[in-house]
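Colleague: Provided herewith is a single structure, encoded as structure tokens, for subsequent inquiry.
The values are calculated or read from the model by the stated rules, or taken from the named source; none is laboratory data. Worth saying up front: this structure is predicted, and the values here are computed from it rather than measured. Quick reminder, even Gly has a Cβ in these numbers, built from the backbone with ideal geometry, and neighbours come from all protein chains shown. Areas reflect the complete protein model, heavy atoms only, side chains present, ligands, DNA and RNA absent. Shrake-Rupley method; radii C 1.70, N 1.55, O 1.52, S 1.80 Å.
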Amino acid sequence: MAYEISEIKKIGIGLIGFGIFFTFLGIVLFFDRGLLALGNIFSLAGVAILLGWRSTWALFTNRANYKGSASFVLGLFFIFVRWPIVGIILEIYGCIFLFSDFWSSIKMFLYHIPVVGWIIRFISPP
């Protein structure tokens with residue numbers, strides 16, 4: 001196989017999955033602050049392990065990403081001071097802005113998933 005995922009990257013993907021799960025669970029359970037914070041910690045650790053510490057630091061400190069980084073960190077702060085709705089809104093905005101360069105890669109990945117790819121192709125042609 002031309003590309004294999006190492007064990008460390010599998011751990012990073014798993015942590016990101018746990019982060020998404022706990023964040024979703026925190027939103028469903030009426031913005032539970034503990035679950036949201038746990039989801040954030042898992043997601044950040046997963047991104048750091050998946051991309052590497054230097055690449056993650058470069059992603060958050062890149063001059064073009066300051067707006068996304070600031071809103072994401074501010075969202076974390078609002079979740080920790082018990083304003084979870086404002087925190088989640090700021091974090092979603094920060095994630096969209098931070099990972100805007102990856103959307104084309106994510107879209108191409110989703111095209112290759114059988115049912116999801118068919119739905120995406122039906123909604124918007126590549």
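Colleague: Within the stretch 87-100, can you find the residues that are loosely packed, with under 15 Cβ neighbours inside 10 Å and not polar (S, T, N, Q)?
Modeller: 89, 92, 96
Colleague: Going through the stretch 101-126 one residue at a time, which ones are open to solvent by 60 Å² or more (accessible area, probe 1.4 Å), free of Cβ contacts under 8 Å to residues at least 12 places away in the same chain and of a type outside the set (A, V, I, L, M)?
Modeller: Hits for the stretch 101-126 are 101, 102, 103, 104, 105, 109, 112, 114, 118, 121, 122, 125.
Colleague: From the set of residues in the stretch 74-93 that are of a type in the set (Val, Ile, Thr) and within 13 Å of the chain's Cα centre (by Cα), which is farthest from residue 56 (Cα to Cα)?
Modeller: 88
Colleague: Quick check on my filter: what residues within the stretch 93-126 are more than 26 Å from residue 64 (Cβ to Cβ) and assigned to a helix (DSSP H, G or I)?
Modeller: 111, 114, 115, 116, 117, 118, 119, 120, 121, 122, 123
Colleague: Looking only at the stretch 11-29, decide whether some residue is over 17 Å from residue 95 (Cα atoms), open to solvent by 50 Å² or more (accessible area, probe 1.4 Å) and either β-branched (Val, Ile, Thr) or at pLDDT below 90 (or both).
Modeller: yes
Colleague: Which residue, of 35, 59, 90, is of a type in the set (A, V, I, L, M), at pLDDT below 90, in a helix (DSSP H, G or I) and touching a Leu at 6+ places or on another chain (Cβ under 8 Å)?
Modeller: Of the residues listed, the single one that is of a type in the set (A, V, I, L, M), at pLDDT below 90, in a helix (DSSP H, G or I) and touching a Leu at 6+ places or on another chain (Cβ under 8 Å) is 59.
Colleague: Would the stretch 43-50 turn up any residue that is more than 23 Å from residue 7 (Cβ to Cβ), open to solvent by 20 Å² or more (accessible area, probe 1.4 Å) and either part of a helix (DSSP H, G or I) or of a type in the set (A, V, I, L, M, F, W, C) (or both)?
Modeller: No, every residue in the stretch 43-50 fails to be more than 23 Å from residue 7 (Cβ to Cβ), open to solvent by 20 Å² or more (accessible area, probe 1.4 Å) and either part of a helix (DSSP H, G or I) or of a type in the set (A, V, I, L, M, F, W, C) (or both).
Colleague: Pull up the stretch 62-84, narrow it to residues that are out of contact with any Leu (no Cβ under 7 Å at 6 or more places or on another chain) and touching a residue at least 24 places away in the same chain (Cβ under 8 Å), then point me to the one that is surrounded by the fewest Cβ atoms within 10 Å (Cβ to Cβ).
Modeller: So the residue we want is 82.
Colleague: Are there any pairs, at least 6 apart or on different chains, whose C-beta atoms fall under 6 Å, with the first in the stretch 47-59 and over 14 Å from residue 18 (Cβ atoms) and polar (S, T, N, Q) and the second open to solvent by less than 50 Å² (accessible area, probe 1.4 Å) and part of a helix (DSSP H, G or I), and if so, which?
Modeller: Matching pairs, first to second residue: 56/47; 56/48.
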